[in-house]
Each structure stands twice: as structure tokens, then as C-alpha cells.
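See below for the structure under consideration.
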Amino acid sequence: MLKDDAIKQKAIKQVQSKLELTNERGYLYVIKSSGLVKIGFSSNWSKREKSYKTHTPDFKLIYLVQSELSFQLETEIHEMYKDNHVKGEWFDLSDGQVVDVITYCTSKTQ
């Protein structure tokens, strides 16, 4: 019974954490590296950028917006392009699809 309670508590904390993110004014970003596109969310872009500079030095920032909708937009875009999913938050998108992502985000955040 204790193991089940621990699992339930962990699940509750994960859900609470996600709910907090949905209302947080974070950053939605689109980067490109090695021909792939990453669509991600961060509550602290400068910290995330430093990490990319260390671990993915060839990355290029394509788009960045700060909004209360950032987490929601990330989820929507991941769903929209699930057929182009490669791994994690990385997608194989054409330049036209990247433009579509930016246009979609811009329309939702203005």
C-alpha cells in the first residue's frame, strides 16, 4: 500500500507541476541544429541558451517569444507536427513548416 501511495503522490506532483507551467509566463523557442528543429518551452531562456551553447554549439535561434501561452503553444505544435517527430522535442521540418510554426505562434501571442 505504501508503494502505491508513493506512486500516487509522485503523479500528483507531476500534474501540479504541469498545471503551474500552463499559467507561467515562459518562453517558447524554436532552434535549429544539424538540420533538425527543436520546439521547446523554458521558464528561463538565458539559462537554457547557455546550456545549448555548451551542449549544442551549432544551434541557431530561429524564434523566441515570451507569453503565458508558451507551454500551451509548445504542446499544440508538438501535436500538429507529430508526424515529423524525430526524438524528444526535435522535429524534421521544412523551412516552410518552420515559417508556419512562427506564423501560428505570432498569431496566438499578439
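So the values come out like this:
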| read-out | value |
| --- | --- |
| Amide hydrogen neighbours beyond the local backbone of residue 43, cut-off 5 Å, H modeled | 27 |
| log₁₀ of I(q)/I(0) at q = 0.17 Å⁻¹ - the range 24-109, Debye sum with one point per alpha carbon | -0.64 |
| Residues residue 9 and residue 100, FRET efficiency given R0 of 41 Å [Cβ-Cβ distance, rounded to 0.05] | 0.50 |
| Per-residue HN-Hα couplings for the range 53-65 [Karplus 6.51, -1.76, 1.60; θ = phi - 60°; Hz; x = Gly/Pro] | 4, 7, 9, 9, x, 8, 5, 10, 6, 9, 7, 8, 9 |
| When each of 38/82; 50/82; 38/108; 50/108; 32/82 is checked by Cα-Cα distance, pairs over 22 Å | 50/82; 50/108 |
| Amide H contacts of residue 91 (H built 1.01 Å from N, under 5 Å, at least 5 apart or other chain) | 37, 38, 39, 86 |
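Taken together, the values in this text are just the output of simple stated rules run on the coordinates, not laboratory data. Just so you know, these numbers come straight off a predicted model, no measurement behind them. As a convention, Cβ positions derive from the backbone with ideal geometry for all residues, glycine included, and neighbour counts pool all protein chains shown.
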